[in-house]
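Presented below is the structure to which this report refers.
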Number of protein chains: 2
Amino acid sequence: MSSSTDRIPATERREQILEAATRVFGEQGYAGATTDRVAKAAGISQPYVVRLFGTKEQLFIEVVERACARIGKAMERAIADDASEKEVGPRIGEAYVDLVQTDRGILLSLMQGFILGQDPAIGPVARKGFMTIYERMRSVMDAEEAMRFMAQGMLINTLIASNLTEGIDDDDQVDELFACTFGDKLGLVLEGLSKAG
Amino acid sequence: MSSSTDRIPATERREQILEAATRVFGEQGYAGATTDRVAKAAGISQPYVVRLFGTKEQLFIEVVERACARIGKAMERAIADDASEKEVGPRIGEAYVDLVQTDRGILLSLMQGFILGQDPAIGPVARKGFMTIYERMRSVMDAEEAMRFMAQGMLINTLIASNLTEGIDDDDQVDELFACTFGDKLGLVLEGLSKAG
DNA sequence: GTCTATACTAGGATAGAC
DNA sequence: GTCTATCCTAGTATAGAC
């Protein structure tokens, strides 16, 4: 599958690593994740990860920035899609839930970023990402609606992060909460969110 | 201030340590926090922290459980306080915001717990705590309202955790989001939350 | 009940070869 | 562009004294 001549361009490698790192940081947290795990996940050596990003911190920062960019793009697509008969709110909500299902890591590592707001290097990046998303939201809805939207997003993130999704400790209340939070692929909840605007 | 004979009962010590640990874990995260920092914050030696709790993991678990218990108690008080002319929703919301202001650590370390849902030892504890709070909420309001309430709580946590509170990167949009999220000591938002029930 | 000393491991980062 | 070897620090946990 891989010969000893598996040299691929640095740009592509960086993207591979960022992808792997997004998963690893999302699951283990910034401090809990190791550059070695990231390397393993990306199929390369640990020193090479450090080589390409300088430090673990820098790698994490780029992961957070990439996550924000991804969310931003998904939002843009949802906003632009005015063919749909739905309102912007639900369209964005649906896009977000889709993203969640496709790539948990993005949301999880972004959350990890938020929670490190105290950190002098990471904090500013996380706050900037958060506010960029909020501001884009505000450009298509009023403050109250945007706030509720962010709140809903944070709940979704928490439910996923805490692994309540897995129904491991299955409980009818969990089901109810999920039904209410996501509806059928977001459902009532996000509908309600938009009709509040 | 402290003589060499500062022996205090273990129960009290445990509480002191839990308090310190709540702050430290809240700021640095589970993996990022060290038992040594906790020890310093509690004014004792690192090995003694380990001695009293067995492992760092166990200490963290007790921190999370304590955080949930604290929130639970604040909720009970708010629910019982039917002298107030306010609805339950806003009362609980207000109690939560009060708690936030008094002790950030509780919310932050609880959040750290949620985000470690993957962890086989911590995950179950975090999920249990989350659901206990949700269920108590459900006992005084309907599913939709309870969900929105949790969402609002997660947003509050995120705003605090990401340190947007500090206005470091001050931005008028941040102010707006805060005004909207907290109102004046929670305001409109939570009021709106309850009138949805 | 609490400390000092210490064993042991893990993990980030560097050097330098290929 | 990528690896192996390795340094060095930091951090959990244990042993054992007081």
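Since every read-out is calculated from the coordinates, none of them should be taken as a lab result. All values reported here derive from a predicted model rather than from experimental measurement. Neighbour counts are summed over all protein chains in view; Cβ atoms, including those assigned to glycine, are modelled from backbone coordinates with ideal geometry.
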**OP:** Shortest first and in nm with one decimal, please list how far the A:Thr34 label point sits from its counterparts in the other copies (point 7 Å along Cα→Cβ).
**Re:** 1.7
Subject >> About the Cα centre, charge dipole magnitude for segment B:1-84 (Lys/Arg +1, Asp/Glu -1 at Cβ), debye >> reply: 300
Original post:
At a Förster radius of 41 Å, what calculated FRET efficiency corresponds to the Cβ-Cβ distance of A:Ala80 and B:Arg14, to the nearest 0.05?
Top reply: 0.15
Original post:
What are the label-to-label distances in nm, one decimal and shortest first, from B:Glu144 to the same spot in the other copies, with labels 7 Å along Cα to Cβ?
Top reply: 1.6
**OP:** Compare the Cα positions of B:Gly105, B:Ala33, B:Tyr134 along the charge dipole of chain B (+1 at Cβ of Lys, Arg; -1 at Cβ of Asp, Glu; about the Cα centre) and return the one farthest towards the positive end.
**Re:** B:Ala33
Original post:
Across peptide B:137-144, how many C-beta atoms of other chains are within 10 Å of each residue C-beta, on average?
Top reply: 2
Original post:
What helices in chain A pass both tests, a Cα length along the helix axis of 30 Å or more and a mean Kyte hydropathy of 0.0 or higher, using whole DSSP H runs?
Top reply: A:56-80
**OP:** Count, for each residue of B:30-38, the Cβ atoms from other chains sitting within 10 Å of its Cβ, then give me the mean as a whole number.
**Re:** 2
Subject >> Magnitude of the charge dipole, chain A, Cβ model with Lys/Arg +1 and Asp/Glu -1, debye to 20 >> reply: 1120
Subject >> Per DSSP, loop trypsin sites (Lys or Arg not before Pro) in segment B:1-97 with at most 15 further Cβ within 10 Å >> reply: B:Arg7
**OP:** Take every residue in peptide A:122-134, count the Cβ atoms of other chains within 10 Å of its Cβ, and give the average of those counts.
**Re:** 4
Original post:
Nearest 20 debye, what's the magnitude of the dipole of segment A:28-124 about its Cα centre given +1 on Lys and Arg Cβ and -1 on Asp and Glu Cβ?
Top reply: 460
Original post:
For chain A: lysine pairs with Cα atoms under 26 Å, gap of 8 or more or different chains, count?
Top reply: 10
**OP:** In square nanometres and to one decimal, what's the mean projected area of the convex hull around the Cα atoms of chain B?
**Re:** 13.3
Subject >> Cα-based shape type of the protein assembly as shown, given that a ≥ b ≥ c are square roots of the gyration tensor eigenvalues and the cut on a/c is 1.5 >> reply: oblate
